[in-house]
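Chemist: One structure, pasted below without further comment.
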Amino acid sequence: MSTQFAIEEELKQSINNAFRSAKVTIKRQGRINVEFRSGILPAFVSYLKEYLDFKHLVMMSCVDWLEDNEFEIVYHLWSYDHKVHIMVKVRLDREKPVMQSISKLWDQAETYEREIHEMNGVEFEGHPGMRDFILEDWEDLPPMRRDFKTREFVDKTYEWRTGREDKQDVRETIAKQYDTEVPDFKNSK
Amino acid sequence: MMNIKGALVPFSALKFLGKKPHTVRYPLEKKDTAQRYRGFHFNDLEECIGCGTCSTICQNEAIDMIQLDGVEAAKGDSGLRPRVDNGRCCWCGLCVDMCPTGSLSLTDQYLHTSPDPDSYLLIPGKDNPEMKENISFVKSDSEPLLQFDRVPMRELDGAERVKSFAEVVLGYMQEEARAEATRCVDCGLCVTACPDHMHIPEYIGAIADADDETALKYIYDNNPLPEMCGKVCTRQCETVCAIGHLGEPIAIRWLKRFATEQFPDPAAILNPVIAESNGKKVGIIGGGPAGLSAGYYLALRGFDITIYEALPKMGGMTYAGIPKYRFPEDSLDKQIGYMEKVGVKMVNNTRVGKDISFDKIRKENDAVFVGIGFHIPYTLGLTGEDLENSIQAVDFLRDVNLGKSVDIGKKVVVIGGGNVAIDAARVSRRLGAEVTILYRRRVQDMPADWEEIEGAEDEGVHIVPQGIPLEVIGNNGKVKSIKYGMAEMVADDKGGRPRPVLIEGDEHILEVDTVIGAIGQEADYSFLPKEVMDELKIERGRMVVNELKQTSIPDIFAGGDSVNRTADAISAIADGVKAVEGITHYLLDE
Amino acid sequence: MSEIMQEKETTLYLGPQHPGITGNMMIELKVTGDTVQRGRTHVGYLHRGFEKLMEERLWMQCFPIVCRICVPEPDPNEENLARGIEEIEGREVPERAKYIRTMVLELSRMATYLLWMGGQSGSAGLYTMPQWTVGDRDYIIDLFEELTGGRVYHMYIWAGGVRRDLPDGFAGRVRKVLDYLEERLTDYDRLLFENAVFLKRAQGVGIIDKNKAEEWGVVGPPLRGCGIAHDVRKDEPYEVYDKLDWEVITHEGSDVYSRAMVRRKEFEQSISIVRQVLDKMPEGPVYNPGPNPLKWKVPAGDAYVRTESARGEFGYYVVSDGSLKPRRVHVRGPAYVHGVSLLEKMLKGMNIADVSFIMNSLGTCPPEIER
């Protein structure tokens, strides 16, 4: 066991003893990443909270890995005693993203889950009152999904100001000046 | 219980009577803004090159590039200038930090209010010339956002080089090429200076993205000899590079070389689509860059192409003139091999006018492309020039390149300051001679590439600037020494470049075994029959052609050194590419 | 009359234009008489979608965006994003730049506390304080203007260091402002911190359950106001905080007053920290250049970085997929918890008049809740 990451190594041991399927990586001093399967996540974070002193739920993030057709929910937990930040990452099927709520463990998780529900379209089972958070009467695609295109949304929702239509693309202008055309090999692959 | 303190505390407020308030005072005192204040934009319209980097970096899309009256497009200037929508601008100043020329700055002026949205559109420098006095936020030299230093190119050491004809420039490694390509801001100004208008930002972008295959496709789109250009191009693109204004230009030439060197067989990547035969035949005289380029693209379009070359191999000057340490033969073979693959027929060792007549070629083909180059050297016009061992650089270089043995002795003088002179000098060094270059003007006036001049100096070539040869002195019919006089530079009254004028009595004699003349060449039209010569319009030794490289005779097209004034490989390629349009138009009426 | 009021529950909408806080946010209150029975936070008036915008911008273009996440205190945002990217990239930051960043962060803390003093006393009905503190804050803003070129949004800290070195004689002018503010503290004490009206309003009001504070996600001055000594600057030191001499400040009481005292002492402490920074600041470069911003790819990876902002732990979760643009930048502002779940808990049983007063003491900042 390296002495440099003594606490981190110890935590890794404890986690692996209790949850063999958790893939634990020590990123650096004070940073541990855990990849976990979604099924028993509440039990896992509850273990971290009650037994390993990860009392502080820093936040919950959702990353859209559109190419993998997966959402990644990241639970950020901090232990004031160990001075260690743990990121528990759970991958969800993007087609049917369902997760269990952890709002029974941390009250503030309720807000985070509401936001992720609204922004990414992830369902949280056992959430006490799923309702709008920031958006109101939103009917479009959840906006933090990667396939929600802001530019398209803006184009159909707002009007562009006039008076700037004379703008030119430098590269195109130059190509035109010399009577050439720039082919597109980049996207034709 | 009376609180004494509480009763007294209010009186302490009296101290404020004597204090200066820090709220607004009357009469109004205008507060000076700080030195770095980020207010409205100002643009030095003369300095600005219209590269549009400001517009690209603006995360608010507040900057448009627009045409302005009085600003003309030119080499290295798109002719566009930025206009800022102050309704969108957030005054982050990234545009200033990203400006490659430093023409854009922010001023200490910040007040504007109006119900008219159009009044928020500001063309910096044009709408607010008076703000030149108010410039406050300017580019920082010590915290640059752009990378101004080029990734250095690895080269053989000067002492090592002269031992052989091994290639001097070693080429970029993967990492180096990616890093160098990353410096590019994609403006495309380089395209304005490239005679062939290659798709430079596109292929550099692809190299930066580690997508060399795409880079190769962009490169071959209008240049079939890119590996050659990647090694020996005169790279006018780099002279106008936006980054070159405050730093070292992107190494466009080396990057092109890198991309082409990644693939031993371009055909495997390009999968060229060859159009079905259209039944038209084109004969090409001269297998130099112009002829090869025309031949390649015509072949792709379904023409039947035959190239006639006097020398044993295609390539023209790039084969016979450019020394192997700059352009190795296997690199040339690779490119010729690829052209053969697309169906270009090549006839070597066939001098038109001697081995085959011009009329025959003209009769057998529907059109003829003439790309004969400049192969006849100018003579020096000195006494003793016809002595044995007084030779011409083009002949010398050709003999060396074709593998003939050339005896130049121990001491050589090269006369001239162009690339051919430098080539001759550096080749002579490799043959073991001590070399002196005599040049009429100053070193900075030399038309040769500065990298070539530096390379020559590194290899121990001695340059005598402002030295004018006066006489070649012989002994037993052989060169013994050369007499030259020193010149001073006299400003030209008519505003031209300064002229060298001999200093009376300042004459020197240099013992030499060989004198190599390299003061220029001209075309050899002796292969053309008289009736063609009569009809063909030639001015100052160059054939006159139209936009599409058609000569005064409709079925004869021409390109390369014998047509254009820049007389370099890339211009020849550009001519060839243009002639493809001309010939297609002429033969297929498209 | 009073009988009816006590029986009948009325709905009261506080906000979105609001006396208690900077930015817009609405509290829906169910009240009987003067007492709040329960309340609910409604946000959505300030959603600018910054996180989404950043996913469609080059890494460098994100810097002018993040500073806008919190109006009164933009610098922790810039510093967090910069440090997050640096951690993924492994880019070194010159020592001098670290000192400058620390100075900027502390000056920004002081400016924020001055604004808070104004808001806190304003919501208690003491209207001289806001005039004074907002005026004094301007001296710090002037320093920012001189250093960065911008008064409110600085766009000064970026990946690899800071944007410009200190102007000539800047340190001296900082010291002058520090001396002035130190002297001013006695005036503030008289006007606010020792003011009987304030004491009456603040002591014993807005109590946070000390035993639950950590679990509830309370951070910053509200947590330290419960006597719990947690401060990111000590827990996970960043920039040069571990090279400076200072202690975490706590205050027992868990109420509005103890939170105010924590801030007041930290304000004084910041003066000392900035002085130390100026004393110890080494010479040298302030920026370690990265690639051309137009082709800048941050290697794939993620990082969570945090700073102790004036309102508590401010964190950035930065994810890169190795491309020109961020995969995800998730911002954790302290108000996200303070202003929603914690506030909703505390509202119960509160006087209506205390709502904005308490919101202020929690450092509620809607722009960072919504981003």
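Chemist: Give me the lysines in straight-line cross-link reach of B:Lys341: C-alpha distance below 20 Å, same-chain residues under 8 apart excluded.
Modeler: Within the straight-line limit of under 20 Å, B:Lys341 reaches these lysines: B:Lys217, B:Lys280, B:Lys281, B:Lys313.
Chemist: For B:Glu61 and B:Val406, FRET efficiency with R0 = 51 Å and r from the beta-carbon atoms, rounded to 0.05?
Modeler: 0.20
Chemist: For peptide B:89-97, compute the average count of partner chain beta-carbon atoms within 10 Å of each residue's beta-carbon.
Modeler: 5
Chemist: Helices from chain C with mean Kyte-Doolittle at least -0.5 and a Cα length along the axis of 27 Å or more, per DSSP H: which?
Modeler: The answer, listed by residue number, is C:95-122, C:128-148, C:256-280.
Chemist: Let me ask another. How many Cβ atoms of partner chains, on average, are near each residue of C:57-66 if near means within 10 Å of its Cβ?
Modeler: On the way: counts 1, 4, 0, 7, 7, 1, 3, 9, 4, 0.
Per-residue shielding by partner chains comes out at 4.
Chemist: Would you compute, from DSSP H runs of 4+ residues alone, the mean residue ellipticity of chain A at 222 nm, taking -39500 (n - 2.57) per run and dividing by the full residue count, rounded to the nearest 500?
Modeler: -8000 deg cm²/dmol
Chemist: Order the peptides C:68-74, B:441-447 from the highest to the lowest mean number of other Cβ atoms within 10 Å of their residues. Intermediate values should be presented prior to the final figure.
Modeler: Numbers: C:68-74: 22.9, B:441-447: 15.6.
Highest mean packing first, the order is C:68-74, B:441-447.
Chemist: What is the sum of charges, Lys and Arg at +1 and Asp and Glu at -1, for the other residues whose Cβ falls under 14 Å from the Cβ of B:Gly432?
Modeler: Values: positive: B:Arg161, B:Lys163, B:Lys410, B:Lys411, B:Arg426, B:Arg429, B:Arg430; negative: B:Asp407, B:Glu434, B:Glu459, B:Asp513.
Computed value for this residue: +3.
Chemist: Determine ³J(HN,Hα), in whole Hz, for all residues of segment C:231-237 in sequence, where each value follows from phi through the Karplus function 6.51 cos²θ - 1.76 cosθ + 1.60 and θ = phi - 60°; x replaces Gly and Pro.
Modeler: 8, 4, 4, 9, 5, 9, x
Chemist: Which entries of B:Lys20/C:Lys243; A:Lys156/A:Lys186; B:Lys404/B:Lys480 show an alpha-carbon separation above 27 angstrom in the structure shown?
Modeler: Details: B:Lys20/C:Lys243 39 Å; A:Lys156/A:Lys186 29 Å; B:Lys404/B:Lys480 24 Å.
Those over the limit are B:Lys20/C:Lys243; A:Lys156/A:Lys186.
Chemist: Determine the shape class of the protein assembly as shown: with a ≥ b ≥ c the square roots of the Cα gyration tensor eigenvalues, call it rounded for a/c under 1.5, and otherwise prolate if a/b is greater than b/c, oblate otherwise.
Modeler: prolate
Chemist: For C:Lys30, which lysines qualify as cross-link partners when the Cα separation must be under 23 Å and same-chain residues fewer than eight apart are set aside?
Modeler: Filter leaves C:Lys8, C:Lys345, C:Lys348.
Chemist: For segment B:112-268, what class follows from the C-alpha gyration tensor (a ≥ b ≥ c being the square roots of its eigenvalues): rounded when a/c is under 1.5, otherwise prolate if a/b is larger than b/c, else oblate?
Modeler: Here segment B:112-268 falls in the prolate category.
Chemist: Here is a further query. Which order do the peptides B:266-278, B:457-469, C:281-293 take when ranked by the mean count of other beta-carbon atoms within 10 Å per residue, highest first?
Modeler: Averaged packing, sorted descending, gives the order B:457-469, C:281-293, B:266-278.
Chemist: Could you give the nm distance between label points at B:Val443 and B:Glu471, where each point is 7 Å from its Cα heading toward the beta carbon?
Modeler: Those two pseudo-labels are separated by 3.1 nm.
Chemist: What nm value, rounded to one decimal, do you get for the distance between C:Tyr127 and B:Arg499 when each label is placed 7 Å out toward the C-beta?
Modeler: For the pair C:Tyr127/B:Arg499, the computed spacing is 8.8 nm.
Chemist: Output the 0 to 90 degree angle, nearest 10, between the alpha-carbon long axis of helix B:289-300 and the longest principal axis computed from the alpha carbons of chain B.
Modeler: Once rounded, one gets 80 degrees.
Chemist: Then there's this: Between A:Arg131 and B:Leu28, what's the calculated FRET efficiency when r is the beta-carbon distance and R0 is 35 Å? Round to 0.05. Can you show the working numbers first?
Modeler: On the way: r = 52 Å, r/R0 = 1.49.
It comes out at approximately 0.10.
Chemist: Under a point-charge model restricted to the Cβ atoms of Lys and Arg (+1) and Asp and Glu (-1), what is the dipole moment magnitude of segment B:380-453 relative to its Cα centre, in debye to the nearest 20?
Modeler: My answer is approximately 220 debye.
Chemist: Next question, about the same structure. Going by the alpha-carbon gyration tensor, a ≥ b ≥ c the square roots of its eigenvalues, is segment B:41-137 rounded (a/c under 1.5) or, if a/c is not under 1.5, prolate (a/b greater than b/c) versus oblate?
Modeler: rounded
Chemist: Let me ask you something else. With charges only on Cβ, +1 for K and R and -1 for D and E, what is the dipole size of the protein assembly as shown about its Cα centre, in debye, rounded to 20? Can you show the working numbers first?
Modeler: Working: 142 positive and 183 negative charges, 445 e Å.
Dipole about the Cα centre, nearest 20: 2140 debye.
Chemist: Okay, next question. Efficiency by 1/(1 + (r/R0)^6): what FRET value for B:Ile269 and B:Leu588, r their Cβ-Cβ distance, R0 = 35 Å, to the nearest 0.05?
Modeler: After rounding to 0.05, the efficiency reads 0.75.
Chemist: So how strong a dipole does chain A carry about its Cα centre when Lys and Arg Cβ are +1 and Asp and Glu Cβ are -1, to the nearest 20 debye?
Modeler: Using only the charged Cβ atoms, the result is roughly 880 debye.
Chemist: Over segment B:377-519, what is the percentage of antiparallel beta bridges among all DSSP beta bridges, to the nearest 5?
Modeler: Values: 17 of 35 bridges.
Roughly 50 percent of the DSSP beta bridges within segment B:377-519 come out antiparallel.
Chemist: A further question follows. Between B:Ala193, C:Ala124, B:Met228, whose Cα lies farthest towards the positive end of the dipole of the protein assembly as shown when Lys and Arg beta carbons carry +1 and Asp and Glu beta carbons carry -1, centred on the Cα centre?
Modeler: Of B:Ala193, C:Ala124, B:Met228, it is C:Ala124.
Chemist: Oh, and also: Between B:Asp524 and B:Tyr378, how many nm apart are label points set 7 Å from Cα along the C-beta direction?
Modeler: Result: 1.9 nm between the two label points.
Chemist: Oh, and also: Among DSSP bridges having both ends in segment A:6-178, what percentage is antiparallel? Round to the nearest 5.
Modeler: In segment A:6-178, DSSP labels about 75 percent of beta bridges as antiparallel.
Chemist: Something else: Between helix A:109-120 and chain A, what is the angle of the helix's C-alpha long axis to the longest principal axis, kept within 0 to 90° and rounded to the nearest 10?
Modeler: It works out to around 30 degrees.
Chemist: Let me ask something else. Using DSSP loop states and a limit of at most 11 other Cβ atoms within 10 Å to flag chymotrypsin sites (Phe, Trp or Tyr not before Pro), what is the longest stretch of chain A containing no flagged site?
Modeler: In chain A, the maximal stretch lacking such sites is A:1-157.
Chemist: Please go through the residue pairs B:Lys163/B:Lys256; A:Lys176/B:Lys256; A:Lys27/C:Lys98; A:Lys55/A:Lys104; A:Lys49/C:Lys325 and name each one whose alpha carbons sit more than 25 Å apart in this structure.
Modeler: The pairs that break the limit, which is 25 Å between Cα atoms, are B:Lys163/B:Lys256; A:Lys49/C:Lys325.
Chemist: For chain B, find the longest principal axis of its Cα atoms and tell me its angle to the long axis of helix B:419-430, 0 to 90°, nearest 10.
Modeler: In chain B, helix B:419-430 runs at an angle near 70 degrees to the longest axis.
Chemist: Among the aspartates and glutamates, which fall within straight-line cross-link reach of B:Lys478, defined as a Cα-Cα distance under 15 Å, with same-chain neighbours fewer than 8 residues apart omitted?
Modeler: Hits, sequence-local ones excluded: B:Glu385, B:Asp386, B:Glu388, B:Asp407, B:Glu511, B:Asp513.
Chemist: May I ask for the net charge around B:Asp97, where only other residues with Cβ less than 13 Å from the Cβ of B:Asp97 are counted and Lys, Arg are +1 while Asp, Glu are -1?
Modeler: My count for the surroundings of B:Asp97 gives +3.
Chemist: Follow-up. Just the number, please: percent antiparallel of the DSSP beta bridges in the protein assembly as shown, rounded to the nearest 5. Let's see the in-between values first.
Modeler: Numbers: 90 of 133 bridges.
Bridges in the protein assembly as shown that DSSP calls antiparallel: roughly 70 percent.
Chemist: Averaged over its residues, how many other protein chain Cβ atoms are within 10 Å of peptide C:144-154's Cβ atoms? Show your work: numbers first, answer last.
Modeler: Details: counts 1, 7, 5, 2, 6, 15, 9, 4, 0, 4, 2.
So the per-residue partner count for this stretch is 5.
Coordinate-derived values only; no laboratory data. A quick note: this is a predicted structure, and the numbers were derived from the prediction, not measured. Note: ideal-geometry Cβ built from the backbone for every residue, glycine included; neighbour counts use all protein chains shown.
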